[in-house]
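This report refers to the structure that appears directly beneath it.
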Amino acid sequence: MMDTQITIIGAGVVGLAIAERVTKDFKDVFLIEKYSAFGQETSSRNSEVIHAGIYYPKGSLKSRLCVEGKRLLYDYCTEYDVPFKNCGKLIVATSEDEIQIIEGIQKTAFNNGVEDLVIIEKKQIAELEPSVFALKAIFSPSTGIVDSHSLMKRYETGTINNGGQIVYGSEVTGIRKIENGYEITLLDSDKNMYSFTSQIVINSAGLTSDKVSEMAGLEDDKLKIMFCKGEYFRLNPPKNHLINKLVYPVPIHNLEGIGIHVTIEMSGGVKLGPDVTYLQSNTYDYKVTPSKQEAFFKSVRKFLPFLEYDDLSPEMAGIRPKIQKPGDPVMDFYIKEETERGCPGFINLIGIESPGLTSSLAIANYVRKLISI
Ligand SMILES: Cc1cc2nc3c(=O)[nH]c(=O)nc-3n(C[C@H](O)[C@H](O)[C@H](O)COP(=O)(O)OP(=O)(O)OC[C@H]3O[C@@H](n4cnc5c(N)ncnc54)[C@H](O)[C@@H]3O)c2cc1C
């Protein structure tokens, strides 16, 4: 007999969404989190954008789960009163070269099932965003923003209401394969060690999901996470009132990031970012580098002509759990049940960078289908 049926490691937005989903079908579910509350890492340090699914390679999990996740998320937020805004987004071309690129983006998106993008001209751009400069733009009506803290709170409430148990302040430090399941060792906040057994283990540990996988003996160089930092600057009031929608430049070719963009917040604030910096070592470095203000200013001023240098101030940073090495082609989410590698019932989620927040409910459904007990 196992102590529990299912153990989920990590209470970020993805682990919480999975927990709410699986507790609908299973009685004995533990969600284990090393901090004393949910969402203390990447899930609280991002742009909070509900992505439309525009850029990702056709057929990839990123593409499919984003498009499906977006629809599910809008419905979920409406049903449970989670604050969101379907504000729309512009991808702006500021040169002739970029016009060709946005036409290509529209085609990719269409093939991915995002059929509502329209290319708009200067006059329509001026109607939608009078303060933005662009020669042409893509308008994405289904892009939006969500209050990620409220979303996680709601997933947590759903999990508890369904009978799941959330254990905060306990870090998973060991996983041992046993007959029909796994023995999991935890270190709690008083430095006490204890262990329990679980038939299924779901690794949703974000930045350290590669390490958690290795605990179970699943080592793979291709799945080593590199911390990739993204910094933000704030657009100081009152100029934040000049922006109503998300405004993006054309993306970097291999999607290491999607360019320093302008993100509006539910509170009415506006931030610029994130940039892309692979860290030398995997350290939790959330400092914002004040000397980057010049680069942010220059890259965004192309399409925000009203911007002056002093309109910006350092804001915050987040870290992407990248399995894509610098300069490499875009990598997909890794979401697998590991029977083939000798670990039946062990489900890995590695490299869940953007659009992980948008995709959270679709990821949860996908993971549910990987569970066979
Ligand atoms: C700069 C930036 C901008 C982004 N913008 C967007 C966006 O606009 N839209 C979008 O859709 N996505 C965006 N993303 C991606 C999105 O934030 C992530 O995909 C999502 O937050 C990942 O959630 P998670 O639950 O997988 O990971 P996390 O939030 O990292 O949660 C993992 C949890 O596991 C816990 N944990 C780790 N190891 C252990 C252990 N051994 N024992 C117990 N607990 C453990 C951690 O404490 C953490 O709470 C962005 C990401 C970044 C970095």
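Assess whether residue 70 counts as being touching a His at 6+ places or on another chain (Cβ under 9 Å) and not in a loop (DSSP other than H, G, I, E, B).
Values: touching a His at 6+ places or on another chain (Cβ under 9 Å): yes; not in a loop (DSSP other than H, G, I, E, B): yes.
Yes: the conditions hold for residue 70.
Give the range 31-60 a look and list any residue that's more than 6 Å from the ligand (Cβ to nearest atom), in contact with a strand residue (DSSP E or B) (Cβ under 6 Å, 6 or more places away or on another chain) and outside any loop (DSSP other than H, G, I, E, B), or say none.
Matches in the range 31-60: 31, 50.
When only residues in the range 214-240 that are within 21 Å of residue 316 (Cβ to Cβ) and part of a helix (DSSP H, G or I) count, which is nearest to the ligand (Cβ to nearest atom)?
240
Tally up the residues in the range 310-356 that are more than 16 Å from residue 218 (Cβ to Cβ) and among the charged types (D, E, K, R), please.
9
Please determine, by comparing only the residues of the range 1-30 that are within 10 Å of the ligand (Cβ to nearest atom) and part of a strand (DSSP E or B), which one is farthest from residue 173 (Cα to Cα).
As a first pass, look at the range 1-30 and keep what is within 10 Å of the ligand (Cβ to nearest atom): 8-18.
This time we only want the ones that are part of a strand (DSSP E or B), so: 8-9.
Values: 8: 14, 9: 11 Å.
Filtering first and then ranking leaves 8.
For the range 125-140, indicate whether the set of residues that are at negative phi, among the basic types (Lys, Arg), more than 16 Å from the ligand (Cβ to nearest atom) and crowded, with 17+ Cβ neighbours inside 10 Å is non-empty.
Going residue by residue through the range 125-140, those that are at negative phi are 125-140.
Then drop every residue that is not among the basic types (Lys, Arg), which leaves 136.
Checking which are more than 16 Å from the ligand (Cβ to nearest atom) leaves us with 136.
Next cut, crowded, with 17+ Cβ neighbours inside 10 Å only: 136.
Yes: the range 125-140 contains one or more residues that are at negative phi, among the basic types (Lys, Arg), more than 16 Å from the ligand (Cβ to nearest atom) and crowded, with 17+ Cβ neighbours inside 10 Å.
If the requirement is being in a loop (DSSP other than H, G, I, E, B), among the polar types (S, T, N, Q), modelled with pLDDT under 95 and surrounded by fewer than 20 Cβ atoms within 10 Å (Cβ to Cβ), which of these qualifies: 244, 282? So that I can check it myself, show each step before the final result.
Details: 282 fails: modelled with pLDDT under 95.
That would be 244, the only listed residue that is in a loop (DSSP other than H, G, I, E, B), among the polar types (S, T, N, Q), modelled with pLDDT under 95 and surrounded by fewer than 20 Cβ atoms within 10 Å (Cβ to Cβ).
Restricting the search to the range 126-165, which residues are of a type in the set (Asp, Glu), in contact (Cβ under 8 Å) with a residue 24 or more places away in the chain and assigned to a helix (DSSP H, G or I)? Reasoning before the result, please.
So the first thing to find is which residues in the range 126-165 are of a type in the set (Asp, Glu), and the list is 127, 129, 147, 156.
Now narrow it down to the ones that are in contact (Cβ under 8 Å) with a residue 24 or more places away in the chain: 129, 147, 156.
Within the range 126-165, 156 is the sole residue that qualifies.
Looking only at strands (runs of 3 or more DSSP E) that fall completely inside the range 309-373, which ones have 2 or more residues that are closer than 25 Å to residue 24 by Cα? Before you say what the answer is, go through the steps one by one.
Numbers: elements: 312-322, 334-338, 343-350.
So the answer is 334-338, 343-350.
Just give me the residues in the range 198-213 being in a helix (DSSP H, G or I) and more than 6 Å from the ligand (Cβ to nearest atom), in sequence order.
Of the residues in the range 198-213, the ones in a helix (DSSP H, G or I) are 206-213.
Once the filter is applied, which keeps residues that are in a helix (DSSP H, G or I) and more than 6 Å from the ligand (Cβ to nearest atom), the range 198-213 yields 209, 210, 211, 213.
Here are the criteria: (1) buried (at least 23 other Cβ atoms within 10 Å of the Cβ); (2) over 25 Å from residue 275 (Cβ atoms); (3) in contact with a Leu (Cβ under 7 Å, 6 or more places away or on another chain). Tell me which single one residue 33 does not satisfy.
(3)
Consider residue 59 against the criteria (1) farther than 26 Å from residue 316 by Cβ; (2) crowded, with 19+ Cβ neighbours inside 10 Å: it satisfies all of them except one. Which criterion is unmet?
(2)
Does the range 81-88 contain at least one residue that is outside any loop (DSSP other than H, G, I, E, B), more than 9 Å from the ligand (Cβ to nearest atom) and more than 28 Å from residue 116 (Cα to Cα)? I'd like the intermediate steps shown before the answer.
Initial filter on the range 81-88 (outside any loop (DSSP other than H, G, I, E, B)): 84-85.
Next cut, more than 9 Å from the ligand (Cβ to nearest atom) only: 84-85.
When the remaining residues are screened for being more than 28 Å from residue 116 (Cα to Cα), the result is none.
Looking through the range 81-88, none of the residues is outside any loop (DSSP other than H, G, I, E, B), more than 9 Å from the ligand (Cβ to nearest atom) and more than 28 Å from residue 116 (Cα to Cα).
For the range 123-144, check the following and say yes or no: at least one residue is within 29 Å of residue 215 (Cβ to Cβ) and aromatic (Phe, Trp, Tyr). So that I can check it myself, show each step before the final result.
Pass one, the range 123-144, residues within 29 Å of residue 215 (Cβ to Cβ): none.
Checked the range 123-144: no residue is within 29 Å of residue 215 (Cβ to Cβ) and aromatic (Phe, Trp, Tyr).
The values are calculated or read from the model by the stated rules, or taken from the named source; none is laboratory data. Bear in mind that the values here come from a model prediction, so they are computed numbers and not experimental data. For neighbour counting, all protein chains shown are included, and Cβ atoms are generated from backbone atoms with ideal geometry for every residue, glycine included.
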